[in-house]
Amino acid sequence: MTDQFLFGVEVVLNGLMAGVLYALVALGFVLIFKASGIFNYAQGVMALFAALTLVGIMEGQVPFAHLINAIFGTDVHYFGWNVPALAAILLTMILMVFFAWAVNHFVMRHLVNQEPIILFMATIGLAYFLEGVGDLMWGSEIKKLDVGLPQGASIWVEENTAFLGSDNFFGFFIDKLDMVAALVAAVLVIALVAFAQYTKQGRAMRAVADDHQAALSVGISLNFIWVLVWSLAGFVALVAGIMWGAKSGVQFSLSLIALKALPVLMLGGFTSIPGAIVGGLIIGVGEKLFEFTIGPMIGGATENWFAYVLALLFLVFRPQGLFGEKIIERV
Amino acid sequence: MKKRLASMAVAAVMAASPVLADLVFPSLSYRTGPYAAGGIPFADGYADYFTLLNERDGGIGGVMTRVLECETGYNTEKGVECYEATKGEGSLVYQPLSTGITYQLIPKVEADGIPLHTMGYGRTSAANGKVFNNVFNYPANYWDGASIAIKHLLEENGGDLSGKKISLVYHNSAYGKEPIRTLEELSGKHGYELTTIAVDHPGQEQKSQWLQIRRERPDYVIMWGWGVMNQVAIQEAANIRFPMENFIGVWWSGSENDVLPAGDGANGYKSLAMHNVGSDFPIYDDLKTYVLDTGKAAGAGDQVGTVLYNRGFYAAMLAAEAVKKAQEIHGEADITPAMMRDGMAALEITEALMEELGMPNFGPAFAVSCENHGGSGQGKIQQWDATAKEWNIISDWIDSDKDVIQPLIMADSEAFAAENNITPACADS
């Protein structure tokens, strides 16, 4: 096999891995949209907030330390203990559940029956609010996130594939973190689909997604389902925050990963969990291959815009996305 | 009732009347947004230096200083708003810490006659003071930086880079593209092969770029990044096991923020430095006594000695010294922006002066003139020690290649002058 072909295969493999990471972010959007018809602009900020909280808890940081010190003239920053990663993840999850309750209690339930655009605007406000609270609570500095995930090239893969090409081919590069992310995403999707299909709460969630009024009429609590869905989205945000945060450190830019999820949603559909994964994979592979083949001819840095071009091309043929529900309005 | 109304009227008049004379230094800071981690330490250092002068010396020449902070979020429109909102306050010099904001402010400051100091960023050809009367970019600019990196590599390779492959990984913006022309010129001169690799904002995902580097195996990688792009690039370089000692970032890619997330993988990474590192300088003892221990530090007071804090501190020192020079030239303590410009254009930083200030060898010695607003164009190389979690300076001051850079500066600035109907000349005092 020629080296160029092998490099192409390497790009596809890494595109698949990148796609999984995009899909992790997209999943949070899908969960909330599916259950409530809300496009949650705050999903990226939720990933940032969850990751900030996780690091803060692990490092024993005093929340709102700057505020406390400014008001009371104290100088406290850390409790002086470290929390193990697993316990910190659980504590973060509890906070995300509380956040879900607060969103529903203070924002969403007051907006029942409002136009979708109003709900969307509410999530924009929520994003800015959460961004500020995150800063105030944990500070703006970049934090290293270390929950024990492996990182760096898989030497095993490199060594066992190097023979495929000439001396200029060094074996396939696969990041161990990406492999873990792929595994986690697979488990997450299976768990979410199983939850939606086979549990009482999952069926109630689907009923709410189909028709709010009908679900209410058979005794399903809309409040409970929305808290549940926002909690699940919070959990997905935490997972995405861990994976992306391990790459770049936990910092404000984590909230911008939402931009990577939009073309995935356009392509995979806003209402399909498997669609988010397939959409992510197509976007990941498509943008990496385009950068590899065409990028050098036009100056590179094509990935951001090409992902949207690819999604738009799909929209021309399937406006509802690959797995989205076809909207039929009778007049 | 009448008495209360009268006292309220007096209070209102007092509030509306001009405040007592002070020297105003606007700080277009960004403590929020994607680049806050870089903006906070710079803003803290900038503010703390002036607080120290107020607390220890009673200001500059007997006039108290006032830092006017305005949040830009690294957003160009907000930066311009901040300028418009603060220029009427008697602002002496602007330091926007953003190339985007700098480009928007250049025509404004030239029209308003207020100096702009863009230290190691902004428009490189502003070094030609005859075209850009009110813009200063001492002690070094982007093109100096590119040349300093190449000079360091020349030194490492016995003065010969012919046949070597160098890749530039750059932020796909006006800022990131700045060094390309200089590196191309230098490639012609020294015979190395240059590849440019763009990374789109914000730079969270760089797999394609580092796979390309892994395929092409350049001898050296130079980086022109900012924000999350730096952290991800260093992590990806570690992932592909690129030799970190062959990876050099510009001075905006060389703070603690950039290397800490990669942990041990960042060990050996190098970057340019336009000033010294750490807090082992006598002035920091005064800072502790007069500012930190008295609770007057800006922000949380936890950034002292970090690279970007030192940069803000250094920028404030240069501004304060320019004020002293202006006071000396004009014989007035309460100076105007035009006087400040004269002070900046006549600024002379010597090693003796820095020692006197408690900042020995903190930055290069240089002199500014009407023609040269760019300073000495020198820089050092710093290297990250991941075990000690500190930067170490590993070179002396390196001169940039003026033979290559000066013609580029002249060509670019003269083109700007022609486009804008400017007749190159020194500013009137």
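Any read-out appearing in this document is the output of simple, stated calculations on the displayed coordinates, not a laboratory observation. Since the model is a prediction, treat every value here as computed from it, not as a measurement. In this analysis, Cβ positions are derived from the backbone assuming ideal geometry, glycine residues included, and neighbour counts consider all displayed protein chains.
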Apply the Karplus curve 6.51 cos²θ - 1.76 cosθ + 1.60, θ = phi - 60°, to the phi angles in the stretch B:321-329 and return the couplings in whole Hz, x for Gly and Pro. 5, 5, 4, 4, 5, 5, 4, 5, 5
Which lysines, if any, have their Cα less than 18 Å from the Cα of B:Lys87, not counting same-chain residues under 8 positions apart? B:Lys78, B:Lys108
Estimated 222 nm signal from helices in the protein assembly as shown, with DSSP H stretches of n ≥ 4 weighted -39500 (n - 2.57), rounded to 500: -17500 deg cm²/dmol
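Enter the mean number of other protein chain beta carbons within 10 Å of the beta carbon of each residue in A:161-174, as an integer. Display every interim value, and only then the final one.
Details: counts 0, 0, 0, 0, 0, 0, 0, 3, 1, 5, 0, 0, 8, 0.
Per residue, the number of nearby Cβ atoms from other chains is 1 on average.
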On a C-alpha basis, how far is the centre of the stretch A:303-322 from the centre of the stretch B:190-239 in Å? Whole number, if you could? 28
Can you pick out the pairs among A:Lys288/B:Lys389; A:Lys247/B:Lys165; B:Lys380/B:Lys402; B:Lys164/B:Lys270 whose Cα atoms lie more than 23 Å from each other? A:Lys288/B:Lys389; A:Lys247/B:Lys165
Can you put B:Arg311, B:Arg56, B:Arg66 in order, fewest other beta carbons within 10 Å first? B:Arg56, B:Arg66, B:Arg311
Projected area averaged over orientations for the protein assembly as shown, convex hull of C-alpha atoms, nm²: 39.9
Pairwise label distance in nanometres, B:Asp57 with A:Phe5, each label 7 Å out on the Cα-Cβ vector: 7.2
Angle, helix B:174-190 long axis vs. longest principal axis of chain B, Cα atoms, 0 to 90°, nearest 10? 50
Between A:Ile155 and B:Thr423, what is the spin-label point distance in nm, taking each point 7 Å from the Cα along the Cα→C-beta axis? 7.1
Express as a percent, rounded to the nearest 5, the fraction of DSSP beta bridges in chain B (both residues included) that run antiparallel. 35
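Can you classify chain A as rounded, prolate or oblate using the Cα gyration tensor, where a ≥ b ≥ c are the square roots of its eigenvalues, rounded means a/c under 1.5, and otherwise it's prolate if a/b beats b/c and oblate if not? Each step should come with its number before you reach the end.
On the way: a/c = 1.92, a/b = 1.18, b/c = 1.63.
Here chain A falls in the oblate category.
Would you kindly give the portion of the calculated P(r) for chain B that falls above 43 Å, as a percent of all Cα pairs?
Details: 11154 of 91806 pairs.
Percentage above 43 Å: 12.
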Using a Förster distance of 56 Å, how high is the FRET efficiency between B:Met410 and B:Glu245, based on the Cβ-Cβ distance and rounded to 0.05? 0.95
What is the gain in length, in nm to one decimal, between A:Ser221 and A:Leu91 on full extension, counting 0.36 nm per residue of separation less the C-alpha to C-alpha distance? 44.2 nm
Setting aside same-chain residues fewer than 8 positions from B:Lys288, which lysines have a Cα under 21 Å from its Cα? B:Lys296
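Can you pull out the chymotrypsin sites (Phe, Trp or Tyr not before Pro) in the stretch B:232-328 that DSSP calls coil and that have at most 11 other Cβ atoms within 10 Å?
On the way: sites: B:Phe247, B:Trp251, B:Trp252, B:Tyr269, B:Tyr284, B:Tyr290, B:Tyr309, B:Phe313, B:Tyr314; in loops: B:Tyr269.
Nothing satisfies the criteria.
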For A:Trp81 and A:Val147, compute 0.36 nm times the residue count separating them, minus their Cα-Cα distance, and round to one decimal in nm. 22.2 nm
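On average, how many beta carbons from a partner chain sit within 10 Å of the beta carbon of a residue in B:194-204?
On the way: counts 0, 1, 2, 5, 5, 4, 6, 5, 9, 4, 11.
Per-residue shielding by partner chains comes out at 5.
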Taking only Cα atoms of the stretch B:287-367, radius of gyration then Dmax in Å: 14.3, 38
How would you classify the stretch A:143-192 from its alpha-carbon gyration tensor, with a ≥ b ≥ c the square roots of the eigenvalues: rounded for a/c under 1.5, else prolate if a/b is greater than b/c, otherwise oblate? oblate
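Can you work out the FRET efficiency for the pair B:Asp403 and B:Ala352, with r the C-beta to C-beta distance and R0 = 45 Å, to the nearest 0.05? The partial results should precede the final answer.
Values: r = 30 Å, r/R0 = 0.66.
Using R0 = 45 Å, I get an efficiency of 0.95.
Quick check on packing: order A:143-151, B:24-32 by the mean number of other C-beta atoms within 10 Å, highest mean leading. Write down the numbers at each step before the final one.
Working: A:143-151: 16.3, B:24-32: 23.9.
Result, highest mean first: B:24-32, A:143-151.
Give the value in nm², to one decimal: projected area of the alpha carbon convex hull of the stretch B:142-273, averaged over all directions.
Working: hull surface 27.5 nm².
Its average projected convex-hull area is 6.9 nm².
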Starting from the Cα-Cα distance between B:Glu193 and B:Ala367, subtract it from 0.36 nm times their residue separation and give me the gain in nm to one decimal. 59.1 nm
